[in-house]
Amino acid sequence: MQRLIDAGFDLLGECRLNGDGAFAYSEQAPTDAGVYAFAVEGVVHYVGLTRFGLRTRLGHYVYGHERQRTSARIKQLILGALAADRSVTVLIARPPAMSWNGLPVDGAAGLETGLIKMIRPPWNQQGNR
């Protein structure tokens with residue numbers, strides 16, 4: 001987790017059980033698109049990407065349902081960690097769009113792919129097969 005912070009990720013806040021068998025974030029995410037990571041006890045467990053806004057995407061984990069399979073799966077993993085009294089923190093980054101030889105490059109998508117390849121977070125299925 002510290003490596004991501006040193007590289008420019010912002011610590012958004014923590015996930016906290018709210019007593020209803022659900023959790024909430026300690027801080028509200030921005031509406032910008034970007035990359036996010038969930039860390040359990042300071043170790044990155046999941047890296048994700050959103051093109052529609054961090055607030056909306058992170059909200060899917062709180063309100064996610066069975067039709068949103070990834071959201072529902074990660075939600076259960078977060079709840080399990082919190083129930084075991086483990087801290088779950090959220091980090092975010094909003095890398096700029098770039099270009100390569102005059103061609104567009106999605107900085108956020110490249111960052112997500114690179115981090116999954118480098119870290120191999122246990123909750124990510126992509127890159128861990």
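A few comments on the model shown:
- Take the conditions (1) surrounded by fewer than 18 Cβ atoms within 10 Å (Cβ to Cβ); (2) under 20 Å from Gly13 (Cβ atoms); Val105 misses just one of them, which is (2).
- Scanning region 75-96 for residues that are more than 15 Å from Ala24 (Cβ to Cβ) and either modelled with pLDDT of 95 or more or not in a helix (DSSP H, G or I) (or both) yields Leu77, Gly80, Ala84, Asp85, Arg86, Leu91, Ile92, Ala93, Arg94, Pro95, Pro96.
- If the condition is being under 15 Å from Val35 (Cα atoms) and either at pLDDT 95 or above or of a type outside the set (A, V, I, L, M, F, W, C) (or both), then region 99-108 contributes Asp106, Gly107.
- Looking only at region 114-126, residues that are closer than 26 Å to Gly80 by Cα and not in a loop (DSSP other than H, G, I, E, B) come to 5 in all.
- Counting the residues of region 35-88 that are surrounded by fewer than 21 Cβ atoms within 10 Å (Cβ to Cβ) and hydroxyl-bearing (Ser, Thr, Tyr) gives 6.
- Any chance Ala81 is closer than 22 Å to Ile5 by Cα, in contact with a Pro (Cβ under 9 Å, 6 or more places away or on another chain) and not charged (D, E, K, R): no
- Residue check for Arg67: basic (Lys, Arg) and farther than 18 Å from Ile116 by Cβ: yes
- Filtered residue count, region 63-102, keeping only those that are farther than 18 Å from Val44 by Cα and of a type in the set (S, T, N, Q): 3
- Close pairs (6 angstrom Cβ cut-off, 6 or more residues apart or separate chains): hydroxyl-bearing (Ser, Thr, Tyr) in region 36-48, part of a strand (DSSP E or B) anywhere: Tyr36/Gly48; Tyr36/Ile92; Tyr46/Phe38
- Test: residue in region 57-70 that is touching a His at 6+ places or on another chain (Cβ under 7 Å), hydrophobic (A, V, I, L, M, F, W, C) and closer than 29 Å to Pro96 by Cα: no
- Qualifying residue in region 14-29 (condition: in contact with a strand residue (DSSP E or B) (Cβ under 9 Å, 6 or more places away or on another chain), part of a loop (DSSP other than H, G, I, E, B), without any contact (Cβ under 8 Å) to a residue 60 or more places away in the chain and small (Gly, Ala, Ser)): yes
- Among the residues of region 97-113, those that are closer than 19 Å to Leu54 by Cα and outside any loop (DSSP other than H, G, I, E, B) comprise Gly107, Ala108, Ala109, Gly110, Leu111, Glu112, Thr113.
The values are calculated or read from the model by the stated rules, or taken from the named source; none is laboratory data. Here the structure is a predicted model, which is why all the values come from computation and not from measurement. Counting neighbours? That spans all protein chains shown, and the Cβs are built from the backbone with ideal geometry, glycine included.
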